[in-house]
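Comments concern the structure below.
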Amino acid sequence: MRIAVKVGTSTLAYDTYRINLRRVEALCRVLSDIKNRGHEVVLISSGAIAMGSGKLHLAARPTDMPTKQAAAAVGQCELMYVYDDIFSRYNHTVGQVLLTGSDVNVDDRRRHFCDTMNRLFELGVIPIINENDTITTEEIRFGDNDTLAAIVATNVHCDLLVILSDIDGLYDADPRCTPNAKLLSHVAEITPEIEALAGQHHSTLGTGGMETKLKAAKLCIAAGVEMIIANGSDPENLYDILDGKAVGTVFGEKKL
Ligand code: GLU
């Protein structure tokens, strides 16, 4: 199987805007093991802006464009340094791919992106993808990595996209204020009723929320890619997902 895993900033970093090494080490170990099983793996990783903010000792996540872009330039290096280091320990090779909207909206460029990705898979590399935050402008931004992950997963024909987040999945009410809210285990299609469940919650570290995850789910369902939202606090959840156990919320046709 070709598996895309998206990991959000709130899973990768502490509130201090520094990297959560324990979590990232666990994630890289599980992904290496999944690759050892014979699957192809692509990681869509956020965290550049947060990591850069931490390294530059900024008081909070920046809001102005030049500081965000500067923080991303610094943070992306730290992210890739850590990924390269940990994956190398498990004898795996990573490659960095930074994208802007125009790289996939123009046919020619999308083809080049897909060709490069396929070659990376053939070479046994784990591609690690992020938005090219340092140079993107408002007009060509994906804006959030959930959408970016769905665009990657559908263009390179992944069988599965797992979005690892700071929440277990989609609930029938906001679990932060409704204690008996129930986790929905399967959503076949994104109806207006489902969209209404997204709520307005956004984490302080990342940029996405349930809204962007449902947008990603729509893209995946339309392309026949199974998508799962699961809690990233324990990356071993990925083993259960591959073993066909009920984890998080599955969107679209269940394939596992
Ligand atoms: N590309 C951004 C980063 O790496 C994150 C976008 C998102 O959180 O969705 O910091």
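Conditions (1) hydroxyl-bearing (S, T, Y); (2) modelled with pLDDT of 95 or more; (3) within 21 Å of the chain's Cα centre (by Cα); (4) closer than 23 Å to L256 by Cβ, marked per residue:
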site: F113; (1), (2), (3), (4): no, yes, yes, no
site: F121; (1), (2), (3), (4): no, yes, yes, yes
site: N130; (1), (2), (3), (4): no, yes, yes, no
site: E139; (1), (2), (3), (4): no, no, no, no
site: L164; (1), (2), (3), (4): no, yes, yes, yes
site: A173; (1), (2), (3), (4): no, no, no, no
site: T178; (1), (2), (3), (4): yes, no, no, no
site: V187; (1), (2), (3), (4): no, yes, yes, yes
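Output the number of the condition that A60 fails; it satisfies all remaining conditions of (1) surrounded by fewer than 21 Cβ atoms within 10 Å (Cβ to Cβ); (2) away from the ligand (no atom under 15 Å from the Cβ); (3) of a type in the set (A, V, I, L, M).
(2)
Kindly establish whether G52 is closer than 24 Å to N118 by Cβ and either away from the ligand (no atom under 13 Å from the Cβ) or out of contact with any strand residue (DSSP E or B) (no Cβ under 7 Å at 6 or more places or on another chain) (or both).
So G52 fails the test.
Looking at (1) under 18 Å from N145 (Cα atoms); (2) modelled with pLDDT of 95 or more; (3) more than 13 Å from the ligand (Cβ to nearest atom), find the lone condition where I44 falls short.
Condition not satisfied by I44: (3).
Could you check I167 against (1) crowded, with 20+ Cβ neighbours inside 10 Å; (2) over 30 Å from H186 (Cβ atoms) and say which number it fails?
Answer for I167: the failing condition is (2).
For region 233-256, give me each residue that is modelled with pLDDT of 95 or more, in a loop (DSSP other than H, G, I, E, B), of a type outside the set (A, V, I, L, M, F, W, C) and surrounded by 20 or more Cβ atoms within 10 Å (Cβ to Cβ).
P235, G248
The values are calculated or read from the model by the stated rules, or taken from the named source; none is laboratory data. Everything numeric here is computed off the predicted structure, so don't read it as measured data. Heads up, the Cβs are rebuilt from the backbone with ideal geometry, glycines too, and the neighbour counts pull from every protein chain shown.
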